[in-house]
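This report concerns only the one structure given below.
Values quoted throughout were computed directly from the atomic coordinates according to the rules given, and no laboratory measurement underlies them. Quick caveat: nothing in here was measured; it's all calculated off a predicted structure. Note that we place each Cβ from the backbone using ideal geometry, even for glycine, and neighbour counts take in every protein chain shown.
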Ligand SMILES: Nc1ncnc2c1ncn2[C@@H]1O[C@H](COP(=O)(O)OP(=O)(O)O)[C@@H](O)[C@H]1O
Ligand SMILES: N[C@@H](CCC(=O)OP(=O)(O)O)C(=O)O
């Protein structure tokens, strides 16, 4: 069968994999594995980003005393992830296929070397017909350094792996143009990249086991679509949803973010998702801001820099801040912080941030 995409990232939310009482919904998991297996047999490369560790651990053990939120996350994810991956392994084995576990943390995307190392790990799995199943390593992640949720992680993986599409499966058909419980609200079928303001539709509420909610899904989806990747939000509880999305396209109910056709380099894609790893700040004056906002691609020169905050190494990610204290974007530093400070105001030096290593919000 001809499918619309040949390389996809599929993010499965906790709610898709759990029943109302919090137990793992094996029937649903099995149905999703069947679909991934069908696609895989037809030559579609799939990376799964699966939530559900905390939810499935919670239903497995009863803690002796009341746990604080960090202890609960660590305990439940340690048990739940083992249970989850074990189940996936058995389900794929029934199809004669092998899956492998990739547990990651935000820090593993922080430097270009770590980023490329992770990409290599998933490439080698795909080349060997192994289906990567990725989750955040909640057991050892430091709270302040965690991903907002697995939607953010799936966006990073989709861009890192150069996917044709990112499919975010949740417990709802897509983004509604109002409160989803309102009978007059309908699913928005198409969204044009990052240009539309969706905040008026999306409620802050989230489903019972989810972490980030629809708002994170929207902002991630817009960013990833702007990088040239189709993003689809669809209902993972619906039978045959994955195969339908790839085979029938727009006939299947979902929200589809239309990808930008402007090419974006792989370095820029990495930088675009790197704000959370920034090690310092580059403060620039008005003239430098005007140059950055001009249509022509412009580097940040030391002559337009007024202050350097924080300690960073060459090639670390830094935030770019204007005179009003507003963040304009992020970039990869061409000097370490000590050298950059010493050279503030200099002319005729290489740029502090070259435009190839610059991402403006
Ligand atoms: N406009 C909207 N359209 C669709 N869902 C919405 C909207 N506003 C808020 N939501 C909520 O977002 C939830 C999905 O996000 P989330 O709880 O993070 O799911 P997941 O666990 O799949 O990541 C839905 O169940 C719904 O309650
Ligand atoms: N790593 C966590 C994922 C938490 C999360 O992001 O959940 P969701 O919003 O349902 O995708 C887990 O496996 O429980």
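Could you state the angle between the C-alpha long axis of helix 26-41 and the longest principal axis of the C-alpha atoms of the chain, as a value from 0 to 90 degrees rounded to the nearest 10? Taking Cα atoms only, the helix is inclined about 70 degrees.
For the stretch 212-361, what is the convex hull (Cα atoms) projected area averaged across all directions, in square nanometres? Answer in nm², one decimal: 10.7. Entry note: the stretch 278-360 has Rg to Rh equal to 0.91, where both radii use alpha-carbon atoms and Rh is the Kirkwood radius.
Can you tell me the 0 to 90 degree angle between the C-alpha axis of helix 69-93 and the longest principal axis of the chain, rounded to 10? Its long axis makes an angle of about 60 degrees. Per-residue ellipticity at 222 nm from helix content only, as computed over the chain with -39500 (n - 2.57) for each DSSP H run of at least four residues, stands at -10000 deg cm²/dmol. What is the distance in Å between the Cα centres of the stretch 295-361 and the stretch 63-140? Taking the Cα centre of the stretch 63-140 as reference, the centre of the stretch 295-361 is 35 Å away. Peptide packing for 319-325, 224-230, 298-304 was compared via the average number of neighbouring C-beta atoms within 10 Å per residue; ordered from the highest value, the list is 224-230, 298-304, 319-325.
Across all Cα atoms of the chain, the radius of gyration (one decimal) and Dmax (whole number) stand at 21.6, 65 Å.
Can you give me the angle between helix 112-127 and the longest principal axis of the chain, using Cα atoms only, in degrees from 0 to 90, rounded to the nearest 10? Result, in degrees: 30.
Based on Cα contacts under 8 Å between residues 6+ apart, the chain shows a relative contact order of 15 percent. In the chain, the DSSP beta bridges split such that about 35 percent are antiparallel, to the nearest 5. Each DSSP beta bridge with both residues in the stretch 1-160 is either parallel or antiparallel, and the antiparallel ones are about 5%. With N counted as the residues of the stretch 1-68, its alpha-carbon radius of gyration over 2.2 N^0.38 Å works out to 1.43.
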